[in-house]
Every structure is written in structure tokens, then in C-alpha cells.
Amino acid sequence: MASKLVRRAHETLVKNRADALALVQDLGVDETRKILKDSVADLKKRIDQRVKAGTGESFTLTQLRTTLVQVQEVMKDLVVGMRDNILDVGGHAAEHAAEHTVEYLVNADKAFRGVAVQPLALNEATMLEEASQGVNASILRRLASSGEPLEDADDEEHPAKMGILERYGVDTIAVFERELQRGLITRKSWAQMSRDITEKSPFLQGAPAYWADRIVRTEAMGAYNRAGWESIREADEQLGDMAKILSATFDERTAADSYAVHGQIRRPEEAFESWFGFYQHPPNRPNDREIVVPHRISWPIPPYLAWRDAKDIMLAWRREGRKGLPPERPEMTTIDLQLFGKEEAPKLREKAED
């Protein structure tokens with residue numbers, strides 16, 4: 001078990017470093033250091049608050065400390081005067097320098113299983129960076145903008161939602177994005193992030209609490225799903241047979257439109273379709289809890305991704321108090337289902353290029 005934990009701790013630090021490399025290449029060293037420095041200050045503040053409260057060692061306190069250690073380890077390569085160091089230090093040297101950190105993470109994980117070997121959400125935080133993502137940095141920014149179709153998911157230019165600008169303004173949206181970035185990296189709960197953005201917005205301070213909750217949940221899901229989508233696209237460059245499949249969460253809050261799209265299959269660059277329009281990855285509306293499952297065409301489709309029956313859609317439709325019939329189910333797959341589960345599935349990306 002100890003050797004397995006050591007390996008997982010090493011893998012965590014290696015992934016953190018790789019994601020930091022990508023962040024530096026997108027944003028530059030100075031901006032990356034600022035994001036990480038803000039995260040360190042936030043973590044130290046929360047650790048001090050818990051220590052002063054005298055609650056003793058706990059899963060949450062240990063998680064805060066191990067997250068701080070990981071962020072500080074990433075920052076070692078970003079010290080002032082070593083602008084190119086993060087691009088030059090070899091992986092073996094970096095791992096050797098992190099031995100004490102690995103030992104700390106392993107000991108923490110022994111005390112609280114699963115607390116120490118989760119990589120930092122650096123890649124997800126990048127999805128909320130306006131400097132690299134432009135108007136796609138957040139759902140709010142996209143709604144407040146207008147212009148070119150989004151990632152080929154829209155049929156035509158989309159108009160700005162002026163109400164977004166009236167409520168928050170572009171500057172406040174940028175503040176929201178930074179707070180959410182810090183929240184993702186420092187593993188804050190959605191409730192904590194909701195409080196953070198409320199403090200930054202007089203409008204949210206006077207609005208019902210669910211307004212801030214909806215922003216955080218939608219933006220966090222957007223960041224995670226966009227990062228996942230980017231990974232699927234990268235994998236397809238290597239494998240050539242990647243697909244993306246929508247998966248909904250089913251409980252008493254699941255809406256009829258989620259029943260309708262569950263299991264929808266697309267190639268990485270193709271847009272999903274819902275009753276609300278086209279989108280490359282969830283969310284396609286506020287509070288949307290769907291995720292994208294990466295899937296190779298050479299694999300069989302698992303039962304949990306099977307399409308839901310029309311009666312399930314209708315039951316959810318009625319539960320929502322809607323009358324009449326629900327809209328027609330969108331096209332569910334652009335890939336022939338007979339291709340899935342074949343040992344030698346065709347590399348469709350190369351086939352299309354030929």
C-alpha cells in the first residue's frame with residue numbers, strides 16, 4: 001500500500017507540473033504566479049481560521065494543508081529570475097526535489113484516505129481565464145458578449161444578453177472568474193465560492209442566495225466539462241477514434257431535457273443538441289448537471305449510457321407541470337452504433353481527412 005501511495009503522490013505532482021506548464025504557456029509566468037500566489041494566501045487564511053477555532057486535525061484541515069503543499073511545490077519552478085526554468089527542469093530532477101513533499105502527502109493520506117493524492121484543478125482554472133479563453137472564459141462572459149458562433153456550436157452569431165451586463169458588468173464578471181479560479185485550485189466548496197462572489201457583487205448581496213449558487217454551479221461545471229472536452233480532443237489526435245457521450249444525473253431534480261439527451265453521442269468536434277440549441281459540452285442551461293464521458297469507438301457502450309425511454313422523458317415532463325407533448329428528441333448519434341465495440345474500430349478522424 002505504501003509503495004502504491006508513493007506512486008500516486010508522484011503522479012499527482014507530475015500532473016500538477018504538466019498543468020502548470022500549460023498554464024504558463026497560455027498566460028505567461030507572471031500571471032500564473034499571481035494566480036498561485038493568491039491561492040496560497042487564501043489557503044493560509046483558511047488554515048489559520050481553523051487552527052484558531054481549535055477544532056483539531058480533521059479531513060478538511062488536512063486537505064487544506066496538502067493543497068497548500070501542492071501549490072507551493074508548483075511555485076518552486078516559478079521563482080523570480082527563473083522565467084525559463086519551468087520549461088527546462090527535467091522531470092526526474094523535479095521528482096527528486098519533491099521527495100519531501102511526496103513523503104508529506106503519503107503520511108497525510110494514511111491519516112485521511114483520499115485527502116492528499118488529488119491533483120490541483122489547474123487545467124480547470126485555465127478554462128476561466130479571459131486572457132486565454134476570450135469570451136469563452138465563463139458562461140457569464142459568453143452571454144454578455146456577442147459575435148462569432150461558439151466553437152461551431154451555434155448556427156449564427158449570438159446576441160448579447162444585456163441583462164447580464166446591467167446586473168454585473170464586464171469588470172465584475174472578471175472578478176467572478178478570478179474568485180472561481182481560486183476556488184477550484186484551493187478546493188473550496190460551491191457554498192464557499194458562492195459567498196466569495198456575493199461579497200464582490202452588490203447585486204448578488206440583494207438577490208436571493210440561489211442566484212450566486214446557480215452562477216457557481218454552472219460555471220464550475222462549465223470549467224470541468226470544457227477541460228474534459230479539451231482532453232478528449234487531444235486524445236483523438238493520438239487515437240483517432242474518440243467519441244464524447246452525454247451523461248445526466250438522475251434524481252428527483254432531473255429535468256425532462258436531460259432525460260432526452262442522456263447518452264447522446266458525437267465526435268469530439270461535433271456539437272451536442274438539446275431543446276435549447278447546440279453546445280460542445282455542458283452546461284447548456286443554468287443548473288445543468290450533465291457531464292461528458294470520453295469514450296473510444298473500439299469500446300462497447302456501457303449500459304449506464306443507454307438512451308432513456310420516451311416514457312421517462314414524458315414522466316419528467318409531467319413532473320415539471322408541463323402540458324402537451326415534449327419537443328422531439330434531438331438526433332442522438334452521428335456515429336453508426338454498429339461501429340462501437342469492434343476490436344479494430346476505424347480511426348474516423350484519419351478516414352475523414354482522407
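If each residue of separation counts as 0.36 nm, what is the full-extension length gain between Ala22 and Arg50 once their alpha-carbon separation is subtracted?
6.8 nm
Hey, rough spin-label estimate for Arg253 and Asn287, points 7 angstrom out along Cα→Cβ, what's it come to in nanometres?
0.7 nm
Quick one: which of Lys244/Lys323; Lys4/Lys244; Lys34/Lys76; Lys4/Lys45; Lys44/Lys200; Lys76/Lys244 span more than 25 angstrom between C-alpha atoms? Show your work: numbers first, answer last.
Values: Lys244/Lys323 32 Å; Lys4/Lys244 31 Å; Lys34/Lys76 13 Å; Lys4/Lys45 32 Å; Lys44/Lys200 21 Å; Lys76/Lys244 36 Å.
Lys244/Lys323; Lys4/Lys244; Lys4/Lys45; Lys76/Lys244, as the Cα separations exceed 25 Å there.
Based on the Kirkwood radius over alpha-carbon pairs, what is the Stokes-Einstein translational diffusion coefficient of the range 240-353 at 37 °C with 0.692 mPa s viscosity, in µm²/s?
Calculated translational D: 221 µm²/s.
From the backbone phi of the range 106-119, what are the Karplus-calculated ³J(HN,Hα) couplings (6.51 cos²θ - 1.76 cosθ + 1.60, θ = phi - 60°) in whole Hz, Gly and Pro given as x?
Each residue's phi maps through the Karplus curve to give 5, 5, 5, 5, 5, 6, 9, 4, x, 7, 10, 10, 8, x Hz.
What fraction of the Cα pairs in the chain, stated in percent, has a spacing above 25 angstrom?
Of all Cα-Cα pairs in the chain, 61 percent lie more than 25 Å apart.
Where does each of 105-117, 323-335 land if you order them by average Cβ count within 10 Å, highest first? Walk me through the intermediate numbers first.
Values: 105-117: 17.5, 323-335: 12.8.
My ranking of the peptides, most packed first, is 105-117, 323-335.
Starting from the amide H of Thr333, placed 1.01 Å from N in the peptide plane, find each other amide H under 5 Å away whose residue is 5 or more places distant or on another chain.
Result for Thr333 returns Ile265.
Name the long-range amide H neighbours of Arg296: under 5 Å, sequence gap of 5 or more, or other chain; modelled H, no Pro or chain starts.
It is Ala243, by chain and number.
Counting only helical runs of four or more DSSP H residues, what would the 222 nm mean residue ellipticity of the chain come to if each run contributes -39,500 (n - 2.57) and the total is spread over all its residues?
-17000 deg cm²/dmol
At 0.36 nm per residue, and after removing the present C-alpha to C-alpha distance, how many nm does the segment from Glu320 to Ala131 gain when stretched out fully?
Full-extension gain reported as 64.0 nm.
Arrange the peptides 229-235, 254-260, 132-138 so that the one whose residues have, on average, the most other Cβ atoms within 10 Å appears first. Display every interim value, and only then the final one.
Values: 229-235: 16.3, 254-260: 21.9, 132-138: 19.1.
Top to bottom by mean Cβ count within 10 Å: 254-260, 132-138, 229-235.
Short version: ³J(HN,Hα) in whole Hz for each residue of the range 223-231, in order, from phi by Karplus 6.51 cos²θ - 1.76 cosθ + 1.60 (θ = phi - 60°), x for Gly and Pro, what are they?
Each residue's phi maps through the Karplus curve to give 5, 5, 6, 5, 4, x, 5, 4, 5 Hz.
Relative contact order for the chain: what percent, with Cα pairs under 8 Å and sequence separation of 6 or more?
Working: 468 pairs, mean separation 48.4, N = 354.
For the chain, the relative contact order is 14 percent.
Only the coordinates and a few stated rules stand behind these numbers; no lab work does. This is a predicted model, so every value here is computed, not measured. Quick reminder, even Gly has a Cβ in these numbers, built from the backbone with ideal geometry, and neighbours come from all protein chains shown.
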